[in-house]
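Take a look at the structure below.
The values are calculated or read from the model by the stated rules, or taken from the named source; none is laboratory data. Since the structure is predicted, the reported quantities are computational estimates derived from the model, not experimental observations. Backbone-built Cβ (ideal geometry, glycine too); neighbour counts: all protein chains shown. Remember, those area values only see protein heavy atoms, side chains included, never the ligands or the DNA or RNA. Shrake-Rupley method; radii C 1.70, N 1.55, O 1.52, S 1.80 Å.
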Amino acid sequence: MVIPLMKQAADEPGTDEQATLRCGAAWADGAACAVEARRALQAFLAHVPCTGRPPVPAPLAIDAELVVSELVTNAIRHAPGPCGMILRLSDDGLAITVWDTSAEQPVVRKRDGQRFGGHGMHVVHTVSAEVAVASLGVGKQITAYLHTAPDAAPDADPLALTDANPAA
């Protein structure tokens with residue numbers, strides 16, 4: 001069950017035209033679910049135009065869903081206890097923070113087509129402009145930053161799936 005931390009609202013006065021929009025959710029021990037986290041993200045992004053902002057571009061929304069899925073799934077698999085997510089949208093982009101109770105730092109493994117699983121943090125780093133990990137008193141938080149401007153997106157992963165037959 002998701003426990004909403006706050007409603008989606010402009011809650012930070014900004015020097016820019018738009019204030020930062022925030023939304024958060026927390027899950028009790030064993031109650032986290034990646035599907036629920038994605039739904040919370042989708043509801044947050046659907047609310048954005050109601051604040052007078054333009055809709056979030058579809059490519060950013062897709063990348064954000066991927067990041068939320070990977071980070072929340074990692075929290076479920078690797079951290080005992082509760083976890084949570086905080087979403088922040090500003091003019092610069094979307095920050096997705098997931099916190100959990102494990103002090104273990106995430107490992108970014110190189111892509112390996114022979115390995116099942118273990119690619120999540122590589123994927124998060126690939127679609128994000130920046131990823132930051134901070135230790136907490138109990139546990140850690142991981143924040144992925146996704147830029148709203150298409151030209152500010154990170155370079156494509158040269159190892160990503162490509163069309164095997166571009167002439168077709």
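Counting only protein heavy atoms, what percent of the accessible surface of the stretch 30-140 is carbon or sulfur at a 1.4 Å probe?
Ligands and nucleic acids excluded, carbon and sulfur give 57 percent.
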Subject >> Global form of the stretch 61-101, assessed from the alpha-carbon gyration tensor, a/c cut-off 1.5 >> reply: oblate
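Taking 35 Å as R0, compute the FRET efficiency from the Cβ-Cβ separation of Glu104 and Arg38 and round it to 0.05. Present the calculation step by step, with values, prior to reporting the outcome.
Numbers: r = 24 Å, r/R0 = 0.68.
According to the calculation, E is roughly 0.90.
Ala79: net charge of surrounding residues, Cβ under 15 Å, Lys/Arg +1, Asp/Glu -1, itself excluded?
With Lys, Arg at +1 and Asp, Glu at -1, the neighbours total -2.
Whole number in Å², please: accessible area per residue of the stretch 69-108, 1.4 Å probe, ligands, DNA and RNA not counted. Mind dumping the intermediate values first?
Working: 1680 Å² over 40 residues.
I get 42 Å² per residue for this part.
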Subject >> Label-reachable residues, the stretch 38-67, where backbone N falls under 16 Å from a point 7 Å from His78's Cα toward its Cβ >> reply: 67
